[in-house]
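Nothing in this text is a laboratory measurement; each read-out follows from the coordinates by a stated rule. Since the structure is predicted, the reported quantities are computational estimates derived from the model, not experimental observations. Methodologically, a virtual Cβ is constructed for each residue, glycine included, from the backbone with ideal geometry; neighbour enumeration extends over all protein chains shown.
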Amino acid sequence: MDIRKLVSSDYDDILVGWWKDWRWEPPTRDFLPDNGEGGFIVYDEDVPVCAGFMYITNSKVGWSEFIVSNLNYRDKEKRNEALDLLIQSISIVLSDVGCGYVYTSLKNKSLVNAYARNGFVKGSEGCTEMVKIWQQ
């Protein structure tokens, strides 16, 4: 597995399609950190497997979010390996910039399990995500 930083073209060329494959509404580019480049993508040789973003705040909390994977990548063991690499990489970067906590909000059971494998503990369950939009 190889990991690299996201680049601008990944949003349109890869990520939007993955979100749609999973029947998720893709977040707009300006909702993402660094306008869609604030995260990582993991490859198995030349096949992209998963990607995710990290938000750095002005507190000790960093945020890991919008983890998405290639629906057509079927090797479950390698997918888990890729998710672990992604979560670990995001966590290391957030720690290196001074974050003492990494927060995420999840619904998907596989992602909950992936974060648990990587040392995360459950906070709340059954939460509702809400967003106020005043900019179009």
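Placing R0 at 41 angstrom, the Cβ-Cβ distance between GLU125 and ASP2 gives a FRET efficiency of 0.75 after rounding to 0.05. Rounded to the nearest whole angstrom, the semi-axes of the ellipsoid equivalent to region 2-117, taken from the Cα gyration tensor as √(5λ), stand at 21, 17, 13, largest first.
With an 8 Å cut-off on Cα pairs and a minimum separation of 6 or more residues, tell me the relative contact order of the chain in percent. Show your work: numbers first, answer last.
Values: 174 pairs, mean separation 28.1, N = 136.
Relative CO of the chain lands at 21 percent.
Only bridges with both residues in the chain count here: give the DSSP antiparallel percent, nearest 5.
Working: 16 of 19 bridges.
Roughly 85 percent of the beta bridges in the chain run antiparallel, per DSSP.
Other residues with beta-carbon under 14 Å from the beta-carbon of GLY52 carry, at +1 per Lys or Arg and -1 per Asp or Glu, a net charge of -2.
Could you give the size of the charge dipole of the chain about its Cα centre, using +1 on the Cβ of each K and R and -1 on the Cβ of each D and E, expressed in debye and rounded to the nearest 20? Each step should come with its number before you reach the end.
On the way: 15 positive and 20 negative charges, 118 e Å.
The calculated dipole for the chain is roughly 560 debye.
Taking Cα centre as origin and charging only the Cβ of basic (Lys, Arg, +1) and acidic (Asp, Glu, -1) residues, the dipole magnitude of region 40-94 rounds to 240 debye.
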